[in-house]
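J.: Quick one: the structure is below, and I'll ask about it shortly.
The values are calculated or read from the model by the stated rules, or taken from the named source; none is laboratory data. Source: prediction; values computed, not measured. Cβ placement follows ideal geometry from the backbone for every residue including glycine, while neighbour counts extend to all protein chains displayed. What goes into the accessible areas is simple: the full protein's heavy atoms, side chains included, and nothing from ligands, DNA or RNA. Shrake-Rupley method; radii C 1.70, N 1.55, O 1.52, S 1.80 Å.
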Amino acid sequence: MSMIIQDVKTILLRVPLQQRTITDSQSSVTHVEFMQVVLRTTDGLTGYGMNWSYTPGLKAAQTAVDENYTPLLIGADALDRRELVRRMFFSNHFIGRVGATRVGIAAVEFALWDLACKAVNLPLWKLLGPARNSVKAYSTDGGWLSWSTEDLVRDATRLVERGFDAVKLKLGLPDPLDDLARIAAVRKAVGPKIKIMTDVNCAWTLATALRIAPRLAEYDITWLEEPMLPEDVRGHATLQRAITTPIAVGETLYTLQSFRDYIADGACCFVQADATKLLGIDEWLQVAALAAAWNLPLVPHTNVQQKLHVQLAAVTPNALMVENCYESLNDMWVEPIHVKNGHYTLPQEPGCGLQIRDAVIREHRIG
Ligand SMILES: [Mg+2]
């Protein structure tokens, strides 16, 4: 059996968030960019992959796919996925072993997996072998720094009423004591049973983290996410030894080896691997296995790629739950994914589920 790739197409979109501008300690987001990769094979199958970024920046990944990866893909067997990923990686590794070049490879890797699934007419999770038939959701579609404390409390209360038992709050205000006051208000509003996660998006120094993070224990915070820059493994290890709140990292780690360093140094307790930042699904599964070997829970990072990570969580025994973020963008997929009573239902269509609707492409295409 072979599936020869005869055509590679990339489409760049800039899609507005249909809500107020949302803000964390590093970004103020009004739009999200998407790149759809479309692979067609000689036997008539079409594979869809995608990757994403906050505006602007994804053009660099599209250029990598168009100029570096497409010549390697045309005429190749789509089932030779791991060899193709290796060749794509070394085609431009001198200008980027991580970042946009890797984001482009992941988009192609998803399309190759999509073809492998469609060849046997199965959704990704079913092909990989499910460990569970529904996946718990936790909400990260809120908690933004741009919101007032009253807005935070109102939104957290609404989410709990919808059936979520876990919510996330952004930290990283100029005065971290203001962060603590906001946490206190939300904890008081939702009561002791609801899990509260916190996310600094890398804004703190070790000095700030050592001063502020010990006080999170007072509010029974489930985890402290990305307190410092991702390159500072040693700083995270120092912090984790000094506090009882578990540290979570992963959304800005691009390699299996970065996860190895964090885990081996005791610098995190929760692993938030994101297949769109790694080299795709295969490397994500390697990180999941690494975490399992250290008896660590996996909580995939997602912004817009829930459909993919819900399927990966379904096949990963040590995956706890998957973020539900940017709900206003869910309808952009040909078959949206839904949360009912705090759980995702698993996609039923064959493939990875990353095909963007034609109407969305027509309205928001920029390249
Ligand atoms: Mg985060």
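J.: Let me spell it out: the conditions are (1) touching an Asp or Glu at 6+ places or on another chain (Cβ under 7 Å); (2) closer than 17 Å to residue 140 by Cβ; (3) surrounded by fewer than 18 Cβ atoms within 10 Å (Cβ to Cβ); (4) not hydroxyl-bearing (Ser, Thr, Tyr), and residue 335 meets all of them except one. Which number is the exception?
T.: Failing condition for residue 335: (2).
J.: On the given criteria, is residue 96 modelled with pLDDT under 95, within 16 Å of residue 254 (Cβ to Cβ), open to solvent by 20 Å² or more (accessible area, probe 1.4 Å) and not in a helix (DSSP H, G or I)?
T.: Details: modelled with pLDDT under 95: yes; within 16 Å of residue 254 (Cβ to Cβ): yes; open to solvent by 20 Å² or more (accessible area, probe 1.4 Å): no; not in a helix (DSSP H, G or I): yes.
No, not satisfied.
J.: Looking at 224, 229, 210, which is the one that is under 18 Å from the mean Cα position of the chain (by Cα) and outside any loop (DSSP other than H, G, I, E, B)? Steps first, answer last, please.
T.: Numbers: 229 fails: outside any loop (DSSP other than H, G, I, E, B); 210 fails: under 18 Å from the mean Cα position of the chain (by Cα).
Among 224, 229, 210, only 224 is under 18 Å from the mean Cα position of the chain (by Cα) and outside any loop (DSSP other than H, G, I, E, B).
J.: Of the numbered conditions (1) in a helix (DSSP H, G or I); (2) at pLDDT 95 or above, residue 50 fails exactly one; give the number of that condition.
T.: All conditions pass for residue 50, except number (1).
J.: Would you pick out the residues in the stretch 119-141 that are in a helix (DSSP H, G or I) and of a type outside the set (Phe, Trp, Tyr)? Give the derivation first.
T.: Here is the first cut: in the stretch 119-141, the residues in a helix (DSSP H, G or I) are 119, 124-128.
Once the filter is applied, which keeps residues that are in a helix (DSSP H, G or I) and of a type outside the set (Phe, Trp, Tyr), the stretch 119-141 yields 119, 124, 126, 127, 128.
J.: Could I ask something else about it? Only residues that are more than 14 Å from the ligand (Cβ to nearest atom) and under 19 Å from residue 288 (Cα atoms): list them for the stretch 235-248, please.
T.: Scanning the stretch 235-248 gives a single hit, 246.
J.: Out of the residues in the stretch 268-296 meeting the condition of being without any contact (Cβ under 8 Å) to a residue 60 or more places away in the chain, within 16 Å of the ligand (Cβ to nearest atom) and in a loop (DSSP other than H, G, I, E, B), tell me which one is farthest from residue 61 (Cα to Cα).
T.: Looking at residues that are without any contact (Cβ under 8 Å) to a residue 60 or more places away in the chain, within 16 Å of the ligand (Cβ to nearest atom) and in a loop (DSSP other than H, G, I, E, B), I get 269.
J.: Please enumerate the residues belonging to the stretch 254-297 that are surrounded by fewer than 20 Cβ atoms within 10 Å (Cβ to Cβ) and on the phi > 0 side of the Ramachandran plot.
T.: Within the stretch 254-297, 266, 295 qualify.
J.: OK, next. Go through the stretch 1-37 and give me each residue that's surrounded by fewer than 15 Cβ atoms within 10 Å (Cβ to Cβ), among the hydroxyl-bearing types (Ser, Thr, Tyr) and more than 17 Å from residue 56 (Cβ to Cβ).
T.: 2
J.: Please go through (1) acidic (Asp, Glu); (2) open to solvent by 30 Å² or more (accessible area, probe 1.4 Å); (3) within 14 Å of the ligand (Cβ to nearest atom) for residue 251 and return the number of the only condition it doesn't satisfy.
T.: (2)
J.: In addition: How about the stretch 170-204: which of its residues are in a strand (DSSP E or B), open to solvent by less than 40 Å² (accessible area, probe 1.4 Å) and in contact with an Asp or Glu (Cβ under 7 Å, 6 or more places away or on another chain)? Spell out the reasoning first.
T.: Step one: of the stretch 170-204, the residues in a strand (DSSP E or B) are 170, 195-199.
Imposing the further condition that a residue be open to solvent by less than 40 Å² (accessible area, probe 1.4 Å) reduces the set to 170, 196-199.
Across the stretch 170-204, the qualifying residues are 170, 197, 198, 199.
J.: Mind listing whichever residues of the stretch 123-134 are at pLDDT 95 or above and open to solvent by less than 50 Å² (accessible area, probe 1.4 Å)?
T.: Filtering the stretch 123-134 for residues at pLDDT 95 or above gives 123-129.
Across the stretch 123-134, the qualifying residues are 123, 124, 125, 129.
J.: Filter the stretch 46-75 down to the residues that are buried (at least 19 other Cβ atoms within 10 Å of the Cβ) and farther than 28 Å from residue 31 by Cα and list them by number.
T.: Within the stretch 46-75, 73 is the sole residue that qualifies.
J.: In the set 300, 317, which member is under 18 Å from residue 132 (Cβ atoms), modelled with pLDDT of 95 or more and surrounded by 23 or more Cβ atoms within 10 Å (Cβ to Cβ)? Even if it seems obvious, please write down each step before you answer.
T.: On the way: 317 fails: surrounded by 23 or more Cβ atoms within 10 Å (Cβ to Cβ).
The conditions single out 300.
J.: In the stretch 135-154, which residue that is open to solvent by less than 30 Å² (accessible area, probe 1.4 Å) and more than 22 Å from the chain's Cα centre (by Cα) is modelled with the highest pLDDT? Write out each step before concluding.
T.: As a first pass, look at the stretch 135-154 and keep what is open to solvent by less than 30 Å² (accessible area, probe 1.4 Å): 135, 137-145, 147, 152.
Those still in the list that are more than 22 Å from the chain's Cα centre (by Cα) too: 147, 152.
Working: 147: 91, 152: 94.
Step by step, filter the stretch 135-154, then rank; the result is 152.
J.: Suppose we filter the stretch 110-122 for residues that are open to solvent by less than 10 Å² (accessible area, probe 1.4 Å) and out of contact with any Lys or Arg (no Cβ under 7 Å at 6 or more places or on another chain); how many remain?
T.: As a first pass, look at the stretch 110-122 and keep what is open to solvent by less than 10 Å² (accessible area, probe 1.4 Å): 110-112, 114-115, 117.
Applying the additional criterion that residues be out of contact with any Lys or Arg (no Cβ under 7 Å at 6 or more places or on another chain) yields 110-111, 114-115, 117.
The number of residues fulfilling the criteria is 5.
J.: For the subset of the stretch 214-234 comprising residues that are hydrophobic (A, V, I, L, M, F, W, C) and open to solvent by 20 Å² or more (accessible area, probe 1.4 Å), which member is farthest from the ligand (Cβ to nearest atom)? Spell out how you get there, then give the answer.
T.: Residues of the stretch 214-234 that are hydrophobic (A, V, I, L, M, F, W, C), as a first pass: 216-217, 221, 223-224, 228-229, 233.
Then drop every residue that is not open to solvent by 20 Å² or more (accessible area, probe 1.4 Å), which leaves 217, 229, 233.
Details: 217: 20, 229: 13, 233: 17 Å.
Taking the candidates together, the pick is 217.
J.: Go through the stretch 36-54 and count every residue that is over 24 Å from residue 93 (Cα atoms) and either touching a Lys or Arg at 6+ places or on another chain (Cβ under 9 Å) or among the β-branched types (Val, Ile, Thr) (or both).
T.: Looking only at that region, the number is 6.
J.: Only one of (1) away from the ligand (no atom under 14 Å from the Cβ); (2) more than 16 Å from residue 199 (Cβ to Cβ); (3) in contact (Cβ under 8 Å) with a residue 12 or more places away in the chain; (4) hydrophobic (A, V, I, L, M, F, W, C) fails for residue 304. Which number is that?
T.: Just one mismatch for residue 304, condition (1).
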